[in-house]
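Enquirer: Got a structure here, written out as structure tokens. Questions coming.
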Amino acid sequence: MDEENQNKEKDNIDEVVRLTEDTETLENIFSGPTNLLKDLYDSFEDKSYTVTLANSKKMLAIMEQPTQEFMKMGMALSISAASRWVSTLGEVGVDIQKVEELITKAKEHFESSDFLKADETIDEVRAMITELEEEQKEAAENRISTAEKLIEEGKSIGASVNGAERSLLQAKELFEKGDYSQVANLTNEAKEAAEKAKEQRIQTTSDALLFTRSVIDESKDMGVDTKEPDELYKEAKKAFAKGDYQKCSELNKEAEEITLKLQDEHIEKVLALKEKRAAMMKSRTEMEAAKPSEDEAETKAQEELCPWCDSSTRYVEKYDRYWCRECRKYTPRK
């Protein structure tokens, strides 16, 4: 419970205690004369006239008190009720300076025991009720209008204002019932919720701008041409500076989507190039594998077919002749 609610709770408890004490005072005021009257009757019936006369004098003296005490009690309650009513009006935005001055004056009369003057002053307050209640109604209407405006502002930038709208709806229902004091509490809740939603939306938009900037910079590092998203991002920043958060979000989102698309296209090109290079390397390797070595070429160059059976022959360096395994003899020298 916050401090304001705690203070209100304490005031309520103090009021209950005070009213209880005032009620007990009234009981004492009226029980005294009642008991004395019984004694008066008893003394009269007992023919104790001296006691009767004494009690009658006391009775007359005491009977003067209830009128004053009752007036004091009623005046205290009137001032208390007026103070609370005016306090409620102040909470909803009514100008209560004049009526507060009257209540202060009534309290001064009360403290000096001039209850008639205090009552006359409170009568002036009562005469202002209709006018002040109209002001209270007008203030409640203004509060509802202000809350509606804040909610619409939140909606215009894409803020989530569902909680604020619920409080505003309840405020309107109570307004129709004439419960203007509760309208103030609910419109305050609606305004706070709308302002909070708006702040969150602005922060989210700001964070989105930072993210898009990082994506664009990352793309540049990859070698992507970011001229188009860069221009969109600049326009988004201008919209943010002007408070046009909806336009900012739209431009920023477009810049982000284009940047990511360019990134994907760039990555696809890089992957295609890598695949092409891999295929070229594979082909080159296969070609090199198929090419005969120098020894094989030399051997192949030294091979000669047998003139008699067309079989392959083997060069014998020692005799500088070709030997045929099939014919089992050397071929003629050339």
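The values are calculated or read from the model by the stated rules, or taken from the named source; none is laboratory data. Small disclaimer: the values here were computed from a predicted structure and weren't measured. Here the Cβ positions follow ideal geometry from the backbone for every residue, glycine too, while neighbour counts run over all protein chains shown.
Enquirer: Tell me which residues, restricted to region 249-270, are hydrophobic (A, V, I, L, M, F, W, C), farther than 30 Å from Lys155 by Cβ and either at pLDDT 80 or above or not in a helix (DSSP H, G or I) (or both).
Expert: Matches in region 249-270: Leu262, Ile267.
Enquirer: Applying the selection to region 155-170, what residues are in contact with a Ser or Thr (Cβ under 8 Å, 6 or more places away or on another chain) and under 15 Å from Gln246 (Cβ atoms)?
Expert: Residues satisfying the conditions are Ile157, Gly158.
Enquirer: Being more than 24 Å from Glu153 (Cα to Cα), part of a helix (DSSP H, G or I) and aromatic (Phe, Trp, Tyr) narrows it down to one of Phe211, Phe240, so name that one.
Expert: Step by step, each of Phe211, Phe240 is checked, and only Phe211 is more than 24 Å from Glu153 (Cα to Cα), part of a helix (DSSP H, G or I) and aromatic (Phe, Trp, Tyr).
Enquirer: I'd like to know if region 121-136 contains one or more residues that are in a helix (DSSP H, G or I), of a type in the set (S, T, N, Q) and modelled with pLDDT under 80.
Expert: Among the residues of region 121-136, at least one is in a helix (DSSP H, G or I), of a type in the set (S, T, N, Q) and modelled with pLDDT under 80, which makes the answer yes.
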